[in-house]
Amino acid sequence: MYLSLSLALGLGWNKATALPNSAAVSFRTWKRVRAATMASIREMSMETWEKELRVAREAARAASEVALKIQLTGFDTESKSDESPVTVADRECERTILQVINEAFPEDGYLGEEGADSGAPQNGRRWIIDPIDGTRDFVRHVPLWSHLIGLEVNGEVVVGVCLMPLLGDM
């Protein structure tokens with residue numbers, strides 16, 4: 001299953017005219033370069049991303065093993081600053097996913113919901129990770145939680161994986 005991951009990308013300006021002249025020129029140049037890059041990414045076939053998709057699936061399966069083991073043996077639940085739940089499974093799954101991805105793509109950046117952040121990658125590739133989407137369901141043993149892994153290249157999502165381990169659905 002491919003996901004359309006919502007990401008806050010770009011500079012957020014709607015009109016270049018609101019910028020000083022030098023900034024407006026830079027912004028227009030940036031927009032042209034970004035548009036050309038996005039067009040070339042969209043033209044690539046899925047075969048281009050075959051290795052990335054394989055690694056994302058492998059990482060999701062590895063995270064599932066970790067999560068299911070923790071769910072069976074018991075765990076404590078904490079609250080994040082926004083009052084959403086977090087468990088040791090969230091953190092361990094994020095660590096596991098990053099380990100698999102970093103072995104295959106050591107130059108890529110990453111951003112994880114539980115705090116992993118490599119900063120801006122030099123190569124324009126960044127993995128976006130939600131190690132357990134639906135932690136409340138995970139805590140309650142409702143099978144509707146999943147592992148979400150996406151890859152953005154120069155701000156465009158090109159690969160996404162959603163694995164729902166208890167439903168056997170990827």
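The values are calculated or read from the model by the stated rules, or taken from the named source; none is laboratory data. As the structure is a computational prediction, the values presented were derived from the model and not from experiment. Note that each Cβ is placed from the backbone with ideal geometry, even for glycine, and that neighbours are counted across all protein chains shown. Side chains included, ligands, DNA and RNA excluded: accessible areas come from the protein's heavy atoms. Shrake-Rupley method; radii C 1.70, N 1.55, O 1.52, S 1.80 Å.
If the viscosity is 0.890 mPa s and the temperature 25 °C, what translational diffusion coefficient in µm²/s does Stokes-Einstein give for the stretch 50-121 when Rh comes from Kirkwood over Cα pairs? Translational D for this selection: 186 µm²/s. Solvent-accessible area of the stretch 78-139 (1.4 angstrom probe, protein heavy atoms only): carbon and sulfur portion equals 43 percent.
Counting only protein chain heavy atoms and rolling a 1.4 Å probe, the accessible areas of Leu167, Leu72 rank, largest first, as Leu72, Leu167.
Couplings 3J(HN,Hα) for the stretch 82-89, derived from phi with the Karplus relation 6.51 cos²θ - 1.76 cosθ + 1.60 (θ = phi - 60°), are 8, 6, 7, x, 9, 10, 4, 5 Hz, where x marks Gly and Pro.
The length gained on full extension between Ser79 and Ala120, counted as 0.36 nm times the residue separation minus their Cα-Cα distance, comes to 12.0 nm. One chain, two ends: Lys51 and His141. Fully extended at 0.36 nm per residue, the span grows by 29.1 nm beyond their Cα-Cα distance.
The phi-based Karplus calculation (6.51 cos²θ - 1.76 cosθ + 1.60; θ = phi - 60°) puts the 3J(HN,Hα) values of the stretch 155-166 at x, 10, 6, 10, 9, x, 10, 10, 10, 10, x, 6 Hz, whole numbers, x for Gly and Pro.
Averaged per residue, the stretch 127-170 has 36 square angstrom of accessible surface, using a 1.4 angstrom probe with ligands and nucleic acids left out.
Sequence-ordered 3J(HN,Hα) estimates for the stretch 72-78 from the Karplus curve with 6.51, -1.76 and 1.60 and θ = phi - 60° stand at 6, 8, x, 6, 9, 10, 10 Hz, glycine and proline given as x. Its Cα centre serving as origin, the stretch 102-142 has a Cβ charge dipole (Lys and Arg +1, Asp and Glu -1) of approximately 100 debye. Calculation over all alpha carbon pairs of the stretch 65-170 in 10 angstrom steps from 0 returns a P(r) of 15, 46, 30, 9, 0 percent.
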